[in-house]
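Q: The following block contains the structure, expressed as structure tokens.
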Amino acid sequence: MPKPGPDLFNPAVSPKEQKHIYSVSEITHDIKVILENTFGEVWVEGEISNFRAATSGHFYFSLKDQSALLAAAMFARANRELKFKLEDGQKVICFGKVDVYGVRGQYQLIVDKVEPTGLGARQLAFEQLKNKLFKEGLFAPEHKRELPLMPFSVGIVTSAAGAAIRDILQILAKGSPCVSAVIRAVRVQGESAAKEIAAGIEDLNQFGKVDLIIVSRGGGSVEDLWSFNEEIVARAIYNSAIPVVSAVGHQINTTLSDLVADVFVETPSAAAKIIVDKRNALVAELDSLRQEIVFIITEMINSLKGGLVALRHMLKSPLDRLLEKQQLLDELRSGLNQGIRYYLNISRERMVSLIEKLGALSPLAVLSRGYSLSMLLPQGEIIKEAAKIKPGDKVKTILAKGAFIGLVQEIAADNFNSC
Amino acid sequence: MKEKQSFEDDLKRLQKIVEELSGGKLTLGESLKKYEEGIKLAQSCSASLSDAQRKVELLTKKDGKYSLERFNQAESEDKA
């Protein structure tokens, strides 16, 4: 609807009051918000034209088809991951975000990934499905179930005629003959394969008498393995109450079934080897547990035996103690003898010295110098004062040699000095 | 399934016995009892692992009923 032009002659009503007038920046900003919010991340298919690699390492090009053109930029950080060269005329699918480059008033696709069409279409579907399942949490680590300690019965979903079943059974027969296998034979490639694989997993769950399920097929082309990328298989694995090991293809073909499974290995043989390894580890553990028990009990018995020996020793000891006492007695006795001898010697020496001392003090020694000693008889009392005797007393006088007895005739009046 | 369960139970019991024995709080009589039980458990677990009564069967489903039949490996190898 054509709008009336602004009335230059009647500016009584300001246009500003009537409607909002954007600045260029404002409207560009709003466009940017609307575009980016509407599209977010998208896949766009088209043909590359005007391809230019800037010195900065960024790529600039356009995507076009019969009737339209879309500017695109792929920054260095993203294009470093590219596995092929971009060229004009190439048909590709780009994954990226719609962006508005305000400076030039341009909208463009900021490209994150580019894939050639053909393989790309399938890859695209795969990526989309992977993304969807990822968001739903099918690959979440917390959903992974632990494999049983020892699966004695293994369900195998694979082709009955393939190399996979042959490899798995061979390795189990050799390394883990205690494990029984329940095979649910399915087609592993072609139209109905995915449905059969999914049904096989469900059947084994319903059947119930297996501890672990291996979903497997041998190596092949990406197309051969494609059934294992189907949603129905991924969901069957996710919904399995029994832990699932995915062993599809060889080496680096990672399928969705690998991502959903509780454990994934690169080859069917590797799946069987998990079980063999589990068995061997358990055999070793049982061995060590048994050894430990035997060791503990042996130790215990040895220690009790040790206690018994100690007790027996204590029982024997009265005799030992008697012998000890006897020995002590002998020692004391010999000590006593020595002591007595010593004491006697000491005593003898002391006696000799005393006798010598006595000799020095003996009055007899004085007598030898001409003194004599008189005693009043009969008492034998030494006469030290003349006043103690009287005439007529019998006196014994001892000389240095011999003695004589005499009678006192008279008491001299004075001492001998006056004689 | 049943074998797996009893195996796991036995192994757990055995581990517990070893733990109790190494705890050193048991009398000789108790220890000897545990020892006997432990050795029996170890033997039965080992026997399960050495059992060679391995079966390879094919699971088939007919009218919603499951049945097992012998799997002929030689035949499958020919086909492969």
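The values are calculated or read from the model by the stated rules, or taken from the named source; none is laboratory data. Since we're looking at a predicted model, the values are computed, not measured. When we count neighbours, we look across all protein chains shown, and the Cβ atoms used for this are built from the backbone with ideal geometry, even at glycine.
Q: Search region A:196-236 for residues being out of contact with any Ser or Thr (no Cβ under 7 Å at 6 or more places or on another chain) and either aromatic (Phe, Trp, Tyr) or outside the structural domain of A:SER153 (by TED's automatic domain parsing) (or both), and hand back the single one that is surrounded by the most Cβ atoms within 10 Å (Cβ to Cβ).
A: A:TRP226
Q: What's the total number of residues in region A:163-172 that are surrounded by fewer than 23 Cβ atoms within 10 Å (Cβ to Cβ) and more than 7 Å from chain B (Cβ to nearest Cβ)?
A: Looking only at that region, the number is 3.
Q: Right, something else. Answer yes if at least one residue in region A:372-383 is farther than 30 Å from A:GLU410 by Cβ and part of a loop (DSSP other than H, G, I, E, B), and no otherwise.
A: Among the residues of region A:372-383, not one is farther than 30 Å from A:GLU410 by Cβ and part of a loop (DSSP other than H, G, I, E, B), which makes the answer no.
Q: Go through (1) touching a residue at least 12 places away in the same chain (Cβ under 8 Å); (2) loosely packed, with under 10 Cβ neighbours inside 10 Å for A:GLY402 and report which single condition fails.
A: Going through (1) touching a residue at least 12 places away in the same chain (Cβ under 8 Å); (2) loosely packed, with under 10 Cβ neighbours inside 10 Å one by one, A:GLY402 breaks only (1).
Q: Here's something else I'd like to know. Filtering region B:18-45 down to residues that are crowded, with 16+ Cβ neighbours inside 10 Å and at the interface with chain A (Cβ under 7 Å from one of its Cβ atoms), which residue is farthest from A:CYS178 (Cα to Cα)?
A: B:SER31
Q: Might you let me know whether region A:178-195 holds any residue that is in contact with a Gly (Cβ under 7 Å, 6 or more places away or on another chain), under 21 Å from B:GLN53 (Cβ atoms) and within 10 Å of another protein chain (Cβ to nearest Cβ)?
A: Yes: one or more hits.
Q: Next question. Output yes when any residue across region A:322-339 is exposed (fewer than 11 other Cβ atoms within 10 Å of the Cβ) and among the basic types (Lys, Arg), and no when none is.
A: yes
Q: Among the listed residues A:ALA360, A:ALA284, A:ALA365, identify the single one that is among the aliphatic types (A, V, I, L, M) and closer than 30 Å to B:ILE39 by Cβ.
A: Exactly one of A:ALA360, A:ALA284, A:ALA365 is among the aliphatic types (A, V, I, L, M) and closer than 30 Å to B:ILE39 by Cβ, namely A:ALA284.
Q: Another question about this same structure. For region B:7-17, give me the residue count where each residue is free of Cβ contacts under 8 Å to residues at least 24 places away in the same chain and at the interface with chain A (Cβ under 10 Å from one of its Cβ atoms). Steps first, please.
A: Going residue by residue through region B:7-17, those that are free of Cβ contacts under 8 Å to residues at least 24 places away in the same chain are B:8-9, B:12, B:15-16.
Adding the requirement that they be at the interface with chain A (Cβ under 10 Å from one of its Cβ atoms) leaves B:8, B:12, B:15.
Selection size over region B:7-17: 3.
Q: Which numbered condition in (1) within 19 Å of A:ASP287 (Cα to Cα); (2) in contact with a strand residue (DSSP E or B) (Cβ under 7 Å, 6 or more places away or on another chain) is the only one that B:ASP51 fails?
A: Unmet condition: (2).
Q: Please state which one of A:ALA199, A:ALA241 is of a type in the set (A, V, I, L, M), out of contact with any strand residue (DSSP E or B) (no Cβ under 9 Å at 6 or more places or on another chain) and under 29 Å from B:LYS65 (Cβ atoms).
A: Residue meeting the stated conditions: A:ALA241.
Q: Restricting the search to region B:4-21, which residues are hydrophobic (A, V, I, L, M, F, W, C) and within 14 Å of A:LEU282 (Cα to Cα)?
A: B:PHE7, B:LEU11, B:LEU14
Q: Quick check, is A:ASP277 within 12 Å of chain B (Cβ to nearest Cβ) and either out of contact with any Leu (no Cβ under 8 Å at 6 or more places or on another chain) or loosely packed, with under 10 Cβ neighbours inside 10 Å (or both)?
A: Taking the combined requirement at face value, the residue does not satisfy it.
Q: What are the residues in region A:196-228 that are more than 10 Å from every other protein chain (Cβ to nearest Cβ) and within 15 Å of A:ALA160 (Cβ to Cβ), if any?
A: The answer is A:GLU196, A:ILE197, A:ILE214, A:VAL215, A:SER216, A:ARG217.
Q: Right, next: B:GLU77 is checked against (1) at pLDDT below 90; (2) touching an Asp or Glu at 6+ places or on another chain (Cβ under 6 Å) and fails just one. What number does that condition carry?
A: (2)
Q: Could you list, in sequence order, all residues of region A:134-162 that are in contact with a Gly (Cβ under 8 Å, 6 or more places away or on another chain) and either surrounded by fewer than 20 Cβ atoms within 10 Å (Cβ to Cβ) or closer than 26 Å to B:GLN5 by Cα (or both)?
A: Correct list: A:HIS143, A:VAL157.
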